[in-house]
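A.B. asks: Take this structure first; my questions come after.
The values are calculated or read from the model by the stated rules, or taken from the named source; none is laboratory data. Please read these numbers as outputs of a predicted model, since none were measured by experiment. Cβ coordinates were reconstructed from backbone atoms using ideal geometry, including for glycine residues, and neighbour counts include every protein chain displayed. Keep in mind that these areas ignore ligands, DNA and RNA; they rest on the heavy atoms of the full protein, side chains included. Shrake-Rupley method; radii C 1.70, N 1.55, O 1.52, S 1.80 Å.
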Amino acid sequence: MALEKREQRPVAEKGEHIIARHLIEDENIKEEKNLVIDGVDVSGRWNTFVLSRVNSEFDRSFFQEIKKTVVGSRINRCWQCGMCTASCTVTPLYRRFNPRAFIYMMQLGNLKELKKYIDVAWRCVGCYKCSQRCPKQVNPAEMMEALALVVKKYFPEEIATKLKLDEEVKKIYEDMIIGHGRLDLAKLHTSAMQKSGRIKELLGKIERDAILKMAKDGRAFSILRLGKPHNWGKSKEAIEKYLKNINTIENSGTGGLNG
Amino acid sequence: MAENILVIGGGPAGLNAAVMLSELGVNVALVERDSFLGGNPKKFKYKFLFPDMQPADNVIGELIKKAEAGGSIKVYYSSEVSDFKENGKKFDVTLKSADGSETKTFDSVIVATGFEHFDPARDAKYSYQLFDDVIDIKDLERMMGENNFVRPSNGKPPKKVAFILCVGSRDRHVGNQYCSRVCCTVSVKQAIEMREHFPDCEAYIFYMDIRTYGFFEDLYWQAMEEHDVQIVKGRIAEITSGPDNTVICKGEDTLLRGPFEIPFDMVVLASGMEGGPQSPEMSSKLGIELDEHGFLKPENITLSPFKSSKAGIFLAGACTGPKAISDSITEGAAAAMNAYTYAVKNR
């Protein structure tokens, strides 16, 4: 029988010793890996705390803030029937994208819960099926815009980390629109894949064949022949102004949404 | 010779029945256990009535005025039916009051003994009577009627108020499985009144379903869309005392699936309606049937909701089940018509 001797003492995962660990959410466990109190080593499991998940506050200031915006002015109407989520284009793809629940979290100012959904809160594609169906005319599609603005304002750190790629792709998109006046999907796709370090996936057989075919029949170069749209100068100015305005709102402090 | 008809109960239904009958020239004996007419709306000083927020006095006061105007209505205040005998197709009834008793023969009888508000103290989880700031809708209605809407504990206006629906209704634990029909609308109405008078005070309604049926729905929409009343889905399982003289409502947010414990300045319990002790009393004295919910049982709930199980005895108002004031008044008129027909037929 061979004995295996470990070089190092294995580092326990956070909360690993809790028997019903799977029932407790990560963020509700507080545990320091290395902690010495008065010379006593209380590292790891010796200092574990499990926080209560009871919600103990309804914060209506958040609701008031949303209500003051143009896109979120009808937040007080929502009665949570779920028609928006039922008709949503995105929900079948991202189960965690739930317009009804997002509106409810905004109504009760439940930022703690909202924070868990930052990565999906942006995924509204603006098809407006929900707004067409909503029995109370809440206009959930625009409510998702309000949500996006507010999430950006309250969770800048998470946006910078979790949504880094989204922000970068957005920059590419904006540059493309302002620079050329046209959206080149192929280029957008390639740039996005490049940013996420998945460029190799673009060079599979199917892609290579498609590129070859497009080069052969001339489609690949047609974009170069296309000029800028008619009267582009004026449109460009308007778009730039809009983008500047949006950035001002997003980067402002409290009350910035009032505009 | 004019007919003699007995009306038991001087609430909205009984009053309207008596007034309609007197207009037909019938001699009406109106028996009321309290020393005043008007029933529960008067007793608990209802101020405004849903759905149009008209002063309760417009309705109840008007009926009382008509009934007390004399004519062929004789009101027996602080009285009760002490003895009841069938006499052929007629009824020999003894009416007892502090002044003595009187036996008369009546051609037909209308029972309009109404309802009792559920006593929330019977359901310990709501801590009613344990904390001063836990009140119920009838207490709030009275406070508003007296223009004295403040926290009972310290006399200051509240900043955050919770309304809890389905207290004493739709709950096997307290023995009432039925829906009391009006408490949703009353709570929504009170939340609107509160927000109108105190815009700084936040109003939350904890609900399982909001049953503002028919056009009462307008009030519900108005509460949310014009007065920012927030509805939260989940029934409250426990009320405890919190820091800074608050009361904590403990429940589950069933839409987001998570427990909450929220401190409030004041909690208003939407206590439901019950048949009260008067319904079984009428049932045994008059020999009419009682239903499984503790209300008087109509002969046919759809075809003849105003007839009791015994010919010649008619039912009106909330004694047959939870009802809005407008429905009680309608039923008073329906019962009056039927009682009159019966009396004329058996003259």
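A.B. asks: For the stretch B:182-229: of the residues being in a loop (DSSP other than H, G, I, E, B) and under 20 Å from the mean Cα position of the chain (by Cα), which is farthest from B:Gly251 (Cα to Cα)?
C.D. replies: Step by step, filter the stretch B:182-229, then rank; the result is B:Tyr213.
A.B. asks: Among the numbered criteria (1) open to solvent by less than 40 Å² (accessible area, probe 1.4 Å); (2) of a type outside the set (A, V, I, L, M, F, W, C); (3) within 21 Å of the chain's Cα centre (by Cα), which one does A:Pro92 miss?
C.D. replies: If we test A:Pro92 against (1) open to solvent by less than 40 Å² (accessible area, probe 1.4 Å); (2) of a type outside the set (A, V, I, L, M, F, W, C); (3) within 21 Å of the chain's Cα centre (by Cα), just (1) comes out false.
A.B. asks: Can you tell me which residues in the stretch B:249-263 are more than 8 Å from chain A (Cβ to nearest Cβ), touching a residue at least 24 places away in the same chain (Cβ under 8 Å) and surrounded by fewer than 23 Cβ atoms within 10 Å (Cβ to Cβ)?
C.D. replies: The initial filter retains those residues of the stretch B:249-263 that are more than 8 Å from chain A (Cβ to nearest Cβ), namely B:249-252, B:254, B:257.
Filter once more, keeping what is touching a residue at least 24 places away in the same chain (Cβ under 8 Å): B:249, B:251.
Result: B:Gly251, single match.
A.B. asks: Then there's this: Considering only the stretch A:55-70, state which residues are more than 14 Å from chain B (Cβ to nearest Cβ) and open to solvent by 80 Å² or more (accessible area, probe 1.4 Å). Walk me through how you get there before you give the answer.
C.D. replies: Looking only at the stretch A:55-70, we keep the residues that are more than 14 Å from chain B (Cβ to nearest Cβ), and these are A:69-70.
Once the filter is applied, which keeps residues that are more than 14 Å from chain B (Cβ to nearest Cβ) and open to solvent by 80 Å² or more (accessible area, probe 1.4 Å), the stretch A:55-70 yields only A:Val70.
A.B. asks: Among the candidates B:Ala335, B:Ala270, B:Ala339, single out the residue that is part of a helix (DSSP H, G or I), closer than 25 Å to B:Cys179 by Cα, in contact (Cβ under 8 Å) with a residue 12 or more places away in the chain and away from chain A (no Cβ under 14 Å). I'd like the intermediate steps shown before the answer.
C.D. replies: On the way: B:Ala270 fails: part of a helix (DSSP H, G or I); B:Ala339 fails: closer than 25 Å to B:Cys179 by Cα.
From the options B:Ala335, B:Ala270, B:Ala339, the qualifying one is B:Ala335.
A.B. asks: Something else about it: Please return the ranges of helices (runs of 4 or more DSSP H) entirely within the stretch A:172-259 where 2 or more residues are surrounded by 11 or more Cβ atoms within 10 Å (Cβ to Cβ) and at pLDDT 80 or above. Can you show your working first?
C.D. replies: Details: elements: A:185-195, A:205-217, A:219-225, A:232-251.
Fully inside the stretch A:172-259 and qualifying: A:185-195, A:205-217, A:232-251.
A.B. asks: Does B:Lys45 satisfy being at positive phi, open to solvent by 20 Å² or more (accessible area, probe 1.4 Å) and not aromatic (Phe, Trp, Tyr)?
C.D. replies: Numbers: at positive phi: yes; open to solvent by 20 Å² or more (accessible area, probe 1.4 Å): yes; not aromatic (Phe, Trp, Tyr): yes.
Here the answer is yes, as B:Lys45 does meet what is asked.
A.B. asks: Going through A:Ser73, A:Ser52 one at a time, which residue ends up being exposed (fewer than 13 other Cβ atoms within 10 Å of the Cβ), within 14 Å of chain B (Cβ to nearest Cβ) and either of a type in the set (Asp, Glu) or part of a loop (DSSP other than H, G, I, E, B) (or both)? Lay out the reasoning, then the answer.
C.D. replies: Numbers: A:Ser73 fails: exposed (fewer than 13 other Cβ atoms within 10 Å of the Cβ).
Answer to the selection: A:Ser52.
A.B. asks: Output the residues belonging to the stretch A:127-150 that are of a type in the set (A, V, I, L, M) and surrounded by 22 or more Cβ atoms within 10 Å (Cβ to Cβ). Give the steps one after another, and end with the answer.
C.D. replies: We begin by selecting, within the stretch A:127-150, every residue of a type in the set (A, V, I, L, M); these are A:138, A:141, A:143-144, A:146-150.
Correct list: A:Val138, A:Met143, A:Met144, A:Ala146, A:Leu147.
A.B. asks: Filter the stretch B:291-309 down to the residues that are part of a strand (DSSP E or B) and surrounded by 17 or more Cβ atoms within 10 Å (Cβ to Cβ) and list them by number. So that I can check it myself, show each step before the final result.
C.D. replies: Going through the stretch B:291-309, the residues part of a strand (DSSP E or B) turn out to be B:296, B:300, B:304, B:307.
B:Leu296, B:Lys307, listed by residue number.
Yes or no, residue by residue, for (1) modelled with pLDDT of 95 or more; (2) over 30 Å from B:Val81 (Cα atoms); (3) in contact with a Lys or Arg (Cβ under 8 Å, 6 or more places away or on another chain):
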residue	(1), (2), (3)
B:Phe215	no, yes, no
B:Tyr220	yes, yes, no
B:Gln230	yes, yes, yes
B:Pro243	no, yes, no
B:Val247	yes, yes, no
B:Thr254	no, yes, yes
B:Pro259	no, yes, yes
B:Phe295	yes, no, no
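A.B. asks: For the stretch B:144-169, which residues satisfy the criterion of being open to solvent by 50 Å² or more (accessible area, probe 1.4 Å) and on the phi > 0 side of the Ramachandran plot?
C.D. replies: As a first pass, look at the stretch B:144-169 and keep what is open to solvent by 50 Å² or more (accessible area, probe 1.4 Å): B:146-148, B:152, B:154, B:156-157, B:159.
Result: B:Asn147, single match.
A.B. asks: Taking into account only those residues within the stretch B:216-244 that are aromatic (Phe, Trp, Tyr) and within 13 Å of chain A (Cβ to nearest Cβ), which is surrounded by the most Cβ atoms within 10 Å (Cβ to Cβ)?
C.D. replies: Pass one, the stretch B:216-244, residues aromatic (Phe, Trp, Tyr): B:216, B:220-221.
Subset that is within 13 Å of chain A (Cβ to nearest Cβ): B:220-221.
Numbers: B:Tyr220: 23, B:Trp221: 14.
Within the stretch B:216-244, the match that is surrounded by the most Cβ atoms within 10 Å (Cβ to Cβ) is B:Tyr220.
A.B. asks: Another one. Across the stretch A:30-49, which residue is nearest to the other protein chains (Cβ to nearest Cβ) among those that are part of a helix (DSSP H, G or I) and open to solvent by 80 Å² or more (accessible area, probe 1.4 Å)?
C.D. replies: Initially, the stretch A:30-49 is screened for residues part of a helix (DSSP H, G or I), giving A:44-47.
Still in the running and open to solvent by 80 Å² or more (accessible area, probe 1.4 Å): A:45-46.
Numbers: A:Arg45: 26, A:Trp46: 28 Å.
Among those residues, the one meeting the criterion is A:Arg45.
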